[in-house]
Amino acid sequence: MDQKIHLVILAIESSCDETSASIIQNGKVLNNVIASQSVHEKYGGVVPELASRAHQQNIVTVVNEAIATSGIALTDLNAIAFTRGPGLMGSLLVGVSFAKGLALALDIPMIEVNHMHAHVLAHFIKHGQIEDDKELPTFPLLCLTVSGGHTQIVNVKDYLDMQVIGETQDDAAGEAFDKAAKMLGLPYPGGPFIDQYAKQGNPKAYIFPDTNMPGLDFSFSGIKTAFLYFLRDEKLKDPDFVEKNLADICASLQHHLVHMLMKRLKKASEETKINTIAIAGGVAANSCLRKELKNTAEKLGWKVFIPEFQYCTDNAAMIAMAAHYKFLKGEFCSLDIAPEPSLVI
Ligand code: KG4
Ligand code: ZN
């Protein structure tokens, strides 16, 4: 191995519908190759069987590209990391099996990574020379992780020491965005489309019920139903209601979902007295959530951290970051490891 190369890990992410691979060297991410699956668009949601087939088709190309563009030889790898869960069983199996095969062939250890853990650690990603002085969050830190499958508030005490203090009891916030978008006839995934149309709309045009749970927990399934009945009733009065009011509908719904998220996040900060706040996951790309977070930060004196867009949605760079810290602590797993679709933090 080259004298300058110390710790090199290949990380693989395949928990849902993105096949991704990343190389990390001495804690710096060298690349983040992602193959997205467009096959799900026409179904309005991820079809698990199609997702695992697409992972099978993409994984070799994605890993090859990560290796080729890193300038690192396969034989320089010190470990292979992979997402163990949570996620779709068939999708996870592709990544786990691939990691096992390569680890066996190269005779190097494997590192299992929790996908939700990794979303939080996306905040610690450094890549390239220019990021050397990037300000990183300090501990303790509260992270609101909001994706298509999860909504949780995590008390992050250290890189590998996290506790979920609030989470959704049913649907994720991203699912509420996606299902509402589907009812409006928008493509999948609908979150970015709602965000886009909302820019021209009035966020106070329509009122929706606050379905949050007591304490720090969320609930979004009631919103879906309320939104369905709202559209049904309005369409009875005017069949063109959606077409005429799309911007106002999107702005009002988005404002409401963001308000529900922010309410619980503020409560969590009050209760824990933690003022370092981060957001993660696909919904962290939402412009209204980002704006609200910055406004609240100014009012309450929070220090906020918002990851780069490419590290908000599913990616292997965040898996690589988590793997780096696990490698430093000697946390490896054995070859008989199996995926865990319901893995918790
Ligand atoms: O983290 P992610 O890529 O995959 C999961 O692990 O689920 O998150 C995908 C979710 C989808 O629900 C998508 O609609 C949502 O993130 N999303 C957004 C935006 N961009 C992505 N939701 C609202 N506004 C956005 N700009
Ligand atoms: Zn995710």
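Each value in this text was obtained by applying a stated rule to the coordinates, not by laboratory testing. Since this is a predicted model, take the numbers as computed values, not measurements. A quick note on method: Cβ atoms are made from the backbone with ideal geometry, for glycine too, and the neighbour counts reach across all protein chains shown.
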Additional length obtainable on full extension of the chain from D240 to D158, 0.36 nm per residue less Cα span: 24.3 nm
Mean separation of Cα contacts under 8 Å (6+ apart) over length of the chain, as relative contact order %: 25
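To the nearest 20 Debye, how big is the dipole of the chain about its Cα centre, given +1 on the beta carbon of each Lys and Arg and -1 on that of each Asp and Glu? Don't skip to the answer; put the middle values down first.
Numbers: 30 positive and 39 negative charges, 140 e Å.
The dipole magnitude comes to about 680 debye.
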Sequence-separation-based contact order of the stretch 141-306, relative, with Cα cut under 8 Å and 6+ spacing, percent: 28
Violating pairs (Cα-Cα greater than 19 angstrom) within the set K204/K266; K263/K299; K303/K326: K204/K266; K303/K326
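Treating the beta-carbon of each Lys and Arg as +1 and of each Asp and Glu as -1, no other charges, what is the dipole magnitude of the stretch 1-118 about its Cα centre, to the nearest 20 debye? It would help to have the intermediate numbers written out before the result.
Numbers: 6 positive and 10 negative charges, 13 e Å.
That gives a dipole near 60 debye.
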Beta bridge orientation in the chain: antiparallel %, DSSP, nearest 5: 60
Around K244: net Lys/Arg minus Asp/Glu count, Cβ-Cβ under 12 Å: -3
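Determine, for each peptide in 40-52, 186-198, the mean count of other beta carbons within 10 angstrom over its residues, then list the peptides with the highest first.
Details: 40-52: 15.5, 186-198: 20.6.
Order by mean packing, descending: 186-198, 40-52.
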Euclidean distance between Cα centres, the stretch 245-283 to the stretch 188-204, Å: 15
Sorted peptide list for 53-63, 235-245, criterion being average Cβ within 10 angstrom, highest first: 53-63, 235-245
12 Å cut-off, amide nitrogen to a point 7 angstrom out along S97 Cα→Cβ, residues in the stretch 28-56: 52-56
Rounded to whole Å, sorted largest first: equivalent-ellipsoid semi-axes of the stretch 141-306, Cα gyration tensor: 29, 15, 13
Bins of 5 Å from zero: percent of alpha-carbon pairs in the stretch 228-305: 3, 13, 21, 19, 12, 9, 9, 8, 5, 1
Size of the stretch 37-139 as Cα extents on the principal axes (Å, biggest first): 44, 34, 24
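By per-residue mean of other Cβ atoms within 10 Å, what is the highest-first order of 223-233, 90-100, 116-126? Walk me through the numbers on the way to the answer.
Working: 223-233: 15.5, 90-100: 22.5, 116-126: 24.7.
Top to bottom by mean Cβ count within 10 Å: 116-126, 90-100, 223-233.
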The stretch 79-216, Rg to Rh (Cα coordinates; Rh as Kirkwood inverse mean 1/r): 1.04
Proximal charge balance of K100 [Cβ under 14 Å; K/R count +1, D/E count -1]: -2
Stokes-Einstein diffusion coefficient of the chain, Kirkwood radius over Cα pairs, 4 °C, 1.567 mPa s, in µm²/s: 62
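Give me the percent relative contact order of the stretch 16-174, please, defined on Cα pairs under 8 angstrom at least 6 residues apart. Walk me through the intermediate numbers first.
Values: 237 pairs, mean separation 27.1, N = 159.
Rounded, it is 17 percent for the stretch 16-174.
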Leading residue at positive end of dipole, the stretch 67-173 (Cβ point charges), from L141, N114, L77: L77
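Can you tally the net charge around P192? Count Lys and Arg as +1, Asp and Glu as -1, for every other residue whose Cβ sits under 12 Å from the Cβ of P192.
Values: positive: K199; negative: D178, D195.
Neighbour charge sum, excluding P192 itself: -1.
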The stretch 62-216 - charge dipole about Cα centre, Lys and Arg +1 at Cβ, Asp and Glu -1, debye rounded to 20: 380
